């Protein structure tokens with residue numbers, strides 16, 4: 001059974017008006033427990049609307065989202081409980097911080113779940129550790145923190161609810177390269193330990209390639225690809241037609257291949273490129 005499954009999802013905004021627009025159209029896909037799925041698409045392709053449908057924030061016009069085989073809108077009065085199991089961190093989540101201390105902000109979700117004090121304390125400290133926040137930071141005001149620290153607080157608040165499905169909408173947007181790399185590693189480490197299902201939305205093909213097992217590609221509200229990282233990025237020409245691209249390191253490897261250097265171009269991260277170039281140099285030495 002799939003951890004989450006979308007079946008023929010369709011949603012339009014402004015229905016019956018001149019401004020009616022279909023945001024998601026007849027979209028179907030499924031993800032198994034433990035999969036890390038990247039979602040890519042141009043602005044307006046339907047990514048954020050899809051997140052809200054998966055999280056039960058909005059109800060589809062047609063189709064359904066099933067969590068462990070159950071339609072999340074089967075019992076509308078209980079849909080709020082779905083959000084404890086499908087945690088979503090939306091774009092620029094630090095704007096949603098509001099408590100007087102970091103500890104209180106992270107504990108907000110677990111408290112709403114009805115957990116007791118000891119369990120809340122355990123979850124807050126564990127979530128903070130996962131995202132690299134020090135014990136001292138828990139007593140500080142979230143508004144005194146740097147942009148990257150605020151982002152980690154917001155993510156920790158969702159992790160503290162221990163959702164089986166975690167959705168991250170542009171979690172690294174606007175961060176400097178060092179902070180972005182640190183946050184990506186923390187997300188990967190969390191996923192490796194928790195082994196839950198993660199959906200990761202980003203405009204950075206490099207970030208998507210680094211963390212994902214599979215990639216869901218959207219265009220004009222429709223699913224156009226859903227496959228492994230290698231299979232999706234091997235279709236570079238098709239991606240370019242819809243305004244996307246393969247990772248920069250992949251383009252570099254393709255140019256090297258065009259210049260007659262016998263290397264594998266099925267490379268999507270700098271680490272993979274480094275290994276491939278080292279192997280090429282070693283092969284040259286043996287000749």
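The values are calculated or read from the model by the stated rules, or taken from the named source; none is laboratory data. What you see is a predicted model; the values in this text were computed from it and never measured. As a convention, Cβ positions derive from the backbone with ideal geometry for all residues, glycine included, and neighbour counts pool all protein chains shown.
General observations
- Residue match in the range 240-249 (condition: assigned to a helix (DSSP H, G or I) and closer than 23 Å to residue 50 by Cα): yes
- Qualifying residue in the range 122-132 (condition: over 22 Å from the mean Cα position of the chain (by Cα) and assigned to a loop (DSSP other than H, G, I, E, B)): no
For every residue, the table says whether it meets (1) surrounded by fewer than 12 Cβ atoms within 10 Å (Cβ to Cβ); (2) in contact with a helix residue (DSSP H, G or I) (Cβ under 7 Å, 6 or more places away or on another chain); (3) in the same structural domain as residue 225 (by TED's automatic domain parsing).
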site: 254; (1), (2), (3): no, no, no
site: 257; (1), (2), (3): no, no, no
site: 264; (1), (2), (3): no, yes, no
site: 270; (1), (2), (3): no, yes, no
site: 282; (1), (2), (3): yes, no, no
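- Output for the range 216-225, where each listed residue is assigned to a strand (DSSP E or B) and surrounded by fewer than 23 Cβ atoms within 10 Å (Cβ to Cβ): 217, 219, 222, 223, 224, 225
- Any hit, the range 191-208, residues being at positive phi and free of Cβ contacts under 8 Å to residues at least 60 places away in the same chain: no
This table checks each residue for (1) without any contact (Cβ under 8 Å) to a residue 60 or more places away in the chain; (2) surrounded by fewer than 22 Cβ atoms within 10 Å (Cβ to Cβ); (3) closer than 19 Å to residue 190 by Cα; (4) not assigned by TED's automatic domain parsing to the domain that holds residue 55.
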| position | (1), (2), (3), (4) |
| --- | --- |
| 104 | yes, yes, no, yes |
| 110 | yes, no, yes, yes |
| 117 | yes, yes, no, yes |
| 132 | yes, yes, yes, yes |
| 135 | yes, yes, yes, yes |
| 143 | yes, yes, no, yes |
| 155 | no, no, yes, yes |
